[in-house]
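Report on the structure given below.
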Amino acid sequence: MKRIVSILLVVVLGYFVYTSLYVDGFDMAVSDNRQTSISDAYITKSVTSENESVTYMESTDLENGSANIVTAIVTDYRSFDTLGEVTVLFLASIGVSMVLAGFTKKYQFKMKTNRILKTGARLVVGLALVLGVYMFTHGHLSPGGGFPGGSIIGASILMMYLSEENFRARMASFKWMESLAGTVYVLIGIIGLFVATYFLENFLPTGTVGALVSAGIIPIVYILIGLKVGSEVSGIIDQFLTEEVAS
Amino acid sequence: MSQPILLIAIPLGLAFLSIILKKIKVPLLVLGLLFSSMLVFFIEKKSYIIGGFKPPFGINLVVDDYNLYFIIIVNVLFLVLVLANLSAVKPMATVLLVASAGLNGLLLTGDLFNLFVFIEIASIAAFILLTMDKQFLKVFHYIIIGTLASSLYLLGIVILYAQYGTLNMADMSGLIDGGSITPTIAYLLIFAGLAVEVKLLPFNGWVKGVLETASAFTGPLIGSLYAGVMLVVFGRVFGGVLNLSGTMVTSLTIIGVITLLAGEFMAFQSKHLRQVWLNSSIAQSGLAVILFLQGLHHVAVLVIVANIISKFVLYLVSGKIAAVIGHDKIADLKGIFMNKKALGIAFTITSLSLIGLPLFFGFFVKINILIALFQSSNMWIPALVLIAALIESAYVIRLLVTMWQVGEEGEKPETIEKPTFSLKVGFVTCAISIILGLMLLVSGVYPDLVINQSVKAGNVLSVNDEIQVFTMEGGLE
């Protein structure tokens, strides 16, 4: 009975959300629709400057040099939100390590690993690490970025934990990486405040759209996020795969 | 450089740093909070752009008459609270820095999605801090309901964004006023999302479990500072951005009224000290929500200020009593203040101010609530608010009598047994309670300054020329 009621509630809620979004003329709620004008400004990179269009590998010195529009919004136009989301993951990782504090011995799975699994895992882990690093260093050019790149690094660490019985990652170095990446992210923001005018302002030259070294602070920020997410996810995995030492 | 962004960036940066500098994380915490509580006095009122893109394209922080004084109160009290519990906070230093950044972000942000990010940061920090009380299952309930609430809020923002194409609060407010469609479902989702943190009635199941066992540290933090900040956010969103009207206002006001009455009734029936205050907090939140929904923003601001300060003292003292005596059952605390009179007097001033006795700040809060309500709405809301105030006075006075009086009424002094326990509470707790109690007393004698500020604050949300307030000098102006 409970289930039927909850399904009904979800359906009713869904109906209301759908009608409020997709009835005829919902986008006529206001005479000048901000959604188009704001999105257009993000796409043509003309928030602070008049700019007709952006051409790959040709346009230079735009207000935002990222070829990937999602990255442009996430790490430049709304970079402050991203700093907040990074903090959310940071808190989650602290919370896990506080609740599971004292769990030091690695958890032993019932199933034993074998040579084929170990060798295969080592091959894949190397490739996955490279893919993760590639993803967050090219976040301003291709799909992906710091969060998926960092998660791939975390996944490869998980693979090592699952395939090798005695593998333990060096958590101390992950802590250093996590802490430094976060601090430098905030520092970049504060440098923007003092060197330029605003917190988290892109104070480096943005270069040519599409070049590897371009977009000012965006690739730096994404590399920091990638390292931070990678070390936090690895830390959480390490906590979950350990158990209390029986005394 | 008095940039309000530093109130968020510096604690956040120090929090990240404190992971590797484990040995000095408490000094880092104190340093960060000290910096924030000094910086707040130098901030100017204007809109601050972040990232170099003007709103609505980028995110901005707003400092105006509405939030400036709350920023000062919250930062200073946060520092005071941490200093008073310095030995207890060591394992939580990093989380506390993030919590401070989160609360400042909630007060400052001028962007609806950015507000969601800070709701997440502040509430996750609260979940972790509450594990200090070792009530893991109850914190887990709070985690589930809190996360669900922030998702509902997010869903509401998604719908508003789809309809209006902006996330900036000021921009959204202008568009909603000029728009033709009322996004009812979005309003309801946002209301439900915020109602969990604001502790309105169907959504406040988590409060009892969490605050019933709160210590002298988590009690003031969650029961006073977090509660106050969330009410300020509620006022900003429902008073300043969303433009409610008609049936919507009536039905949401009814939720507020039910919360107020139920909260006071439950407080009346509570047998434990902290239970009384948590139910009274629920009632006060209901009251502030009623006032915001009725458009009486200036009195809502007064309610929030009075509630932050009085609940801070009450939770602090109650938490200490529970820690020293081992429980907080009111019937077993007879005459507890007899050998700690200074603390007792501060506690008494605070609770008398809560019920609105003349001479105390609470009196001006109560009388301005009633004046504003009688002038603006039909009679049933002020009548119910008056009933709630009567219930409140009854249980607070009953409680004070118990805590001061040894023995039964009419009993001869010789036959009375002296209380066997002694209330050993540190000097710091006493000093904080006395200073805050005196502040309530002084602002009760000279209320004009605070009331004028609250009128200015209310005007930020709604320009209303005909506000009538009751002050000491002018009477009804």
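The values are calculated or read from the model by the stated rules, or taken from the named source; none is laboratory data. Remember, predicted model here, so these are calculated numbers, not experimental data. Using ideal geometry, Cβ is built from the backbone for each residue, glycine included, and neighbour counts are taken over all protein chains shown. Areas reflect the complete protein model, heavy atoms only, side chains present, ligands, DNA and RNA absent. Shrake-Rupley method; radii C 1.70, N 1.55, O 1.52, S 1.80 Å.
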Q) Based on the mean of other beta carbon atoms within 10 Å per residue, what is the order of A:7-16, A:196-205, most packed first? A) A:196-205, A:7-16
Q: First check a/c for the stretch A:100-161, with a ≥ b ≥ c the square roots of the eigenvalues of its C-alpha gyration tensor; if it is under 1.5, answer rounded, and if not, answer prolate when a/b is larger than b/c or oblate otherwise.
A: oblate
Q: Add +1 for every Lys or Arg and -1 for every Asp or Glu among the other residues with Cβ under 13 Å from the Cβ of A:S234, and state the total.
A: +1
Q: Work out the mean other chain Cβ neighbour count within 10 Å for the residues of B:92-102 and drop it here as an integer.
A: 2
Q.
Using the Cα centre of the protein assembly as shown as origin and beta-carbon charges of +1 (Lys, Arg) and -1 (Asp, Glu), tell me which of B:L278, A:Y107, B:F70 is placed farthest towards the positive end of the dipole.
A. A:Y107
Q: Compare A:Y161, B:Y161 by solvent-accessible area with a 1.4 Å probe and give them largest first, with all protein chains kept in place.
A: B:Y161, A:Y161
Q. Relative to the first principal axis of the alpha-carbon coordinates of chain B, what is the inclination of helix B:169-178, with its axis defined by its Cα atoms, in degrees from 0 to 90 and to the nearest 10?
A. 70
Q: Would you please calculate the Kirkwood hydrodynamic radius of the stretch A:60-244 over all C-alpha pairs and express it in Å, rounded to one decimal?
A: 17.5
Q. What net charge is computed for the residues neighbouring B:D64, neighbours being all others with C-beta under 13 Å from the C-beta of B:D64, Lys and Arg scored +1, Asp and Glu -1?
A. +2
(Q) Cross-link candidates for B:K25: which lysines have Cα within less than 30 Å, leaving aside residues fewer than 8 places away along the same chain? (A) A:K105, A:K106, A:K175, A:K228, B:K90, B:K134, B:K138, B:K311, B:K320, B:K424
Q: Select from chain A the helices, each a whole stretch of DSSP H, whose alpha-carbon atoms run 18 Å or more along the helix axis and whose Kyte-Doolittle mean is at least 0.0; answer none if there are none.
A: A:2-22, A:79-99, A:115-137, A:146-163, A:171-195, A:218-240
**Q.** Sites matching trypsin sites (Lys or Arg not before Pro) across the stretch A:94-139 that sit in DSSP coil, with at most 12 neighbouring C-beta atoms within 10 Å
**A.** A:K110, A:K112
Q) Once you charge only the Cβ atoms, +1 for Lys and Arg and -1 for Asp and Glu, what is the size of the charge dipole of the stretch B:111-476 about its Cα centre, to the nearest 20 debye? A) 880
Q: Work out the mean other chain Cβ neighbour count within 10 Å for the residues of B:162-171 and drop it here as an integer.
A: 5
Q. In Å², rounded to the nearest 100, what is the total accessible surface buried by chains B and A against each other with a 1.4 Å probe?
A. 4900
Q | Principal-axis tilt of helix B:6-17 within chain B, Cα atoms, nearest 10 degrees | A | 70
(Q) Explain nothing, just the number: relative contact order of the stretch B:86-167, from Cα pairs under 8 Å at least 6 residues apart, as a whole percent. (A) 30
Q.
Under a Cβ-only charge scheme (Lys and Arg +1, Asp and Glu -1), can you give me the dipole magnitude of the protein assembly as shown about the Cα centre, in debye to the nearest 20?
A. 2900
Q. Between B:I325 and A:I69, what is the label-to-label distance in nm when each label sits 7 Å out along the Cα-to-Cβ direction?
A. 6.5
Q: Counting helices only, and only those DSSP H runs with n ≥ 4, report the 222 nm mean residue ellipticity of chain B as the sum of -39,500 (n - 2.57) divided by its residues, in deg cm²/dmol to the nearest 500.
A: -22000 deg cm²/dmol
Q | Shielding score for B:119-125, defined as the mean number of other chain Cβ atoms within 10 Å | A | 4
Q. When you count, for each residue, the other Cβ atoms within 10 Å and take the mean per peptide, how do B:40-47, A:151-158 rank with the highest first?
A. A:151-158, B:40-47
**Q.** FRET efficiency, A:I116 to A:M1 (Cβ-Cβ, R0 60 Å, nearest 0.05)
**A.** 0.75
Q: Quick one: work out Rg over Rh on the C-alpha atoms of chain B, Rh as Kirkwood radius.
A: 0.96
Q | For the protein assembly as shown, alpha-carbon Rg relative to the globular expectation (2.2 N^0.38 Å, N residues) | A | 1.01
Q. Does anyone have the angle between helix B:297-325 and the longest principal axis of chain B? Alpha-carbon axes, 0 to 90°, nearest 10?
A. 40
